[in-house]
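Beneath this line is the structure, given in structure tokens, with notes to follow.
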């Protein structure tokens, strides 16, 4: 039985990341398998550094401590609803393990609560799982806002949700079923530092305070080459490891906090976390035209396990949401 032992608390919103990598030195006494392992780790380190989305092409240079350094990123708006406490949502349905495959049982409970009206607090209610082991041979989906899936915590009287079988899949998938429709993208005209919120656009026509927008930093050949994610070593590296243009765009969901028709500037409600640089393709802003974004969804208080040793699978996937969270309210949860 494989227990996912990473314990963490996470919320949807602006976030930072930290990459730590290690490689082995190569010497004459290194065994062939270790040399191959070393090359793999070096490649993996480059991938992690390139995908951390914290800096731009200056990843491999010493920090600049001069007055021209990028401004510190303001993370005061990070967290659930810009830093508000995660709510404790009232239970709507209680569920116990059936002893067999609980996929339909759990999905039915989630769908039932999703059909309930939204309360004054913005929630429909929580599906409360009892202590015990829930066996899921399929996949659970949470598509509708205002629904929480809550377990009894960890330990002897805790809740365990077990992904059974050998099919590679995400156990709990949380997020919008359809991708939001966007208006035409508007180009950003100037460089924007990491931590910036003011964007000078080609035009602000059609944009207003309160509009939801998508800010995109393209993964151009110039940027991919600058961070060393092309021409990597290894067999068929150009097919397996090298990044392709457009494959690693960085995207931020933001809300417009201010608009100045002249000089075509918009202010975002939260900063971007990577610089937009014209020499690497700059960036674009597109207004969300259509597509409801689920809000206020939570998964908390349970241990997620895989029944198959060594089988790679995601325990949960969260995408296309606002004001959501996954967390452990008691020690020992593994999500």
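Values quoted throughout were computed directly from the atomic coordinates according to the rules given, and no laboratory measurement underlies them. Everything quoted here is computed from the prediction, not taken from an experiment. Positions of Cβ are backbone-derived with ideal geometry, glycine not excepted, and every protein chain shown enters the neighbour counts.
Quick notes
- Selection status of residue 163, touching a strand residue (DSSP E or B) at 6+ places or on another chain (Cβ under 6 Å), farther than 26 Å from residue 77 by Cβ and crowded, with 20+ Cβ neighbours inside 10 Å: yes
- Count of residues meeting criterion [in contact with a helix residue (DSSP H, G or I) (Cβ under 7 Å, 6 or more places away or on another chain) and in a loop (DSSP other than H, G, I, E, B)] in region 184-231: 6
- Exclusive hit being out of contact with any strand residue (DSSP E or B) (no Cβ under 6 Å at 6 or more places or on another chain), under 20 Å from residue 194 (Cα atoms) and surrounded by 13 or more Cβ atoms within 10 Å (Cβ to Cβ), set 227, 256: 227
- Scanning region 130-160 for residues that are buried (at least 20 other Cβ atoms within 10 Å of the Cβ) and at positive phi turns up just one, 146.
- Those residues of region 263-285 which are surrounded by 20 or more Cβ atoms within 10 Å (Cβ to Cβ) and part of a helix (DSSP H, G or I), in sequence order: 280
- If you go through region 104-124 and keep only what is assigned to a helix (DSSP H, G or I) and surrounded by 15 or more Cβ atoms within 10 Å (Cβ to Cβ), you end up with 105, 106, 107, 109, 110, 111, 112, 113, 114.
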